[in-house]
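Okay, so here's the structure we're looking at.
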Amino acid sequence: METTEDLLLDGRVRLVQPKTGYRAAVDPVLLAAGVPARAGERVVDLGCGAGAVFACLAGRVPGVEVIGVERDPAMADLARRTLAANGIAGRIETADLTALPATWEAGRIDHVAANPPYLPADRADPSPDAGRAAAGVEAGSDLADWIAVARRCLRHKGTVTLVHRADRLDDILAALARGFGSVVVFPLFPKAGRDAGRVLVRAVRGGRAPLRLAPGLVLHAEDGAYTDQADAVLRGAPLDL
């Protein structure tokens, strides 16, 4: 696999990723910005790929410990290289998340981040590129499986944060109804006045607060440039969900 080493968060983070096929865009950066981790806490990145989410999180919050889970051995190797390139404390598990035993990190994790495949197989037109297809289409596990793994490994009052398509929000909320509460939905608008295409969703294991719909973030100005708020996040600012 040919790779490139790319810079994120205004050059503070190095990402080793495939030269062709699936490559990190803005979604993992936004996801990392929405995880409320603090130094010393443990974060699981489910389906970590080459490590864009955990690398951006560790770049913003030095001192976090990350655990990546990735089923593709080649991508898991890139994630380990990303760990090493940034000097991040943590490890990568090469495993399908549905194959993780029920005791895996049970109740020991402070936060889970996930960027699951966006579409079920019956709604998708898979890319001919295997990497893009694996990243975009559910295969062998669905949203409920991802959230169930998060629920098992999180401590009480730990958080799960996801980035996903806005039109999958009903599926996300249905899956979170088992064991989670204090849900925040944070829309990501491509431009002002446009429907949200993506959402960040955060929930608390054992939370009891009612669902909250946040104002969200407009990504692009009319001329196509990033808005000031979006640009700040892409440079390393946190998102206040």
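Are any of the residues in the stretch 42-58 surrounded by fewer than 19 Cβ atoms within 10 Å (Cβ to Cβ), at pLDDT 95 or above and either over 28 Å from Val185 (Cα atoms) or not polar (S, T, N, Q) (or both)? Steps first, answer last, please.
Just the residues of the stretch 42-58 that are surrounded by fewer than 19 Cβ atoms within 10 Å (Cβ to Cβ), to begin with: none.
No, the conditions are met nowhere in the stretch 42-58.
Checking Gln17 against (1) buried (at least 20 other Cβ atoms within 10 Å of the Cβ); (2) in contact with a His (Cβ under 7 Å, 6 or more places away or on another chain); (3) farther than 18 Å from Val201 by Cα: exactly one of these is not met. Which one?
Among (1) buried (at least 20 other Cβ atoms within 10 Å of the Cβ); (2) in contact with a His (Cβ under 7 Å, 6 or more places away or on another chain); (3) farther than 18 Å from Val201 by Cα, the lone unmet condition for Gln17 is (2).
Please determine whether any residue of the stretch 179-195 is buried (at least 18 other Cβ atoms within 10 Å of the Cβ) and either without any contact (Cβ under 8 Å) to a residue 12 or more places away in the chain or among the basic types (Lys, Arg) (or both).
No - not one qualifying residue is present in the stretch 179-195.
Of everything in the stretch 188-206, what is over 16 Å from the mean Cα position of the chain (by Cα) and not in a loop (DSSP other than H, G, I, E, B)? Give them in sequence order.
Phe189, Pro190, Lys191, Arg205
Restricting to the stretch 197-209, name every residue that is under 20 Å from His164 (Cα atoms) and surrounded by fewer than 19 Cβ atoms within 10 Å (Cβ to Cβ).
First, the residues of the stretch 197-209 that are under 20 Å from His164 (Cα atoms): 197-205.
Listed by number, the list holds a single entry, Gly197.
What are the pairs, 6+ residues apart or on separate chains, where a residue within the stretch 210-228 that is crowded, with 16+ Cβ neighbours inside 10 Å has its Cβ under 7 Å from a residue that is of a type outside the set (A, V, I, L, M, F, W, C) and part of a strand (DSSP E or B)?
Every condition considered, the pairs that remain are Gly216/Pro187; Val218/Lys191; Leu219/Pro190; Leu219/Tyr226; Tyr226/His220; Thr227/His220.
Among the candidates Gly34, Gly59, Gly11, Gly63, single out the residue that is in contact (Cβ under 8 Å) with a residue 12 or more places away in the chain and on the phi > 0 side of the Ramachandran plot.
Values: Gly34 fails: on the phi > 0 side of the Ramachandran plot; Gly59 fails: on the phi > 0 side of the Ramachandran plot; Gly11 fails: in contact (Cβ under 8 Å) with a residue 12 or more places away in the chain.
It is Gly63.
Based on what the data block shows, is Ala209 assigned to a loop (DSSP other than H, G, I, E, B), of a type in the set (A, V, I, L, M) and closer than 19 Å to Ala113 by Cα?
Numbers: assigned to a loop (DSSP other than H, G, I, E, B): yes; of a type in the set (A, V, I, L, M): yes; closer than 19 Å to Ala113 by Cα: no.
It is false that Ala209 is assigned to a loop (DSSP other than H, G, I, E, B), of a type in the set (A, V, I, L, M) and closer than 19 Å to Ala113 by Cα.
The values are calculated or read from the model by the stated rules, or taken from the named source; none is laboratory data. All of these numbers come straight from a predicted model, not from anything done at the bench. Reconstructed Cβ throughout: ideal geometry from the backbone, glycine too, with neighbour counts over all protein chains shown.
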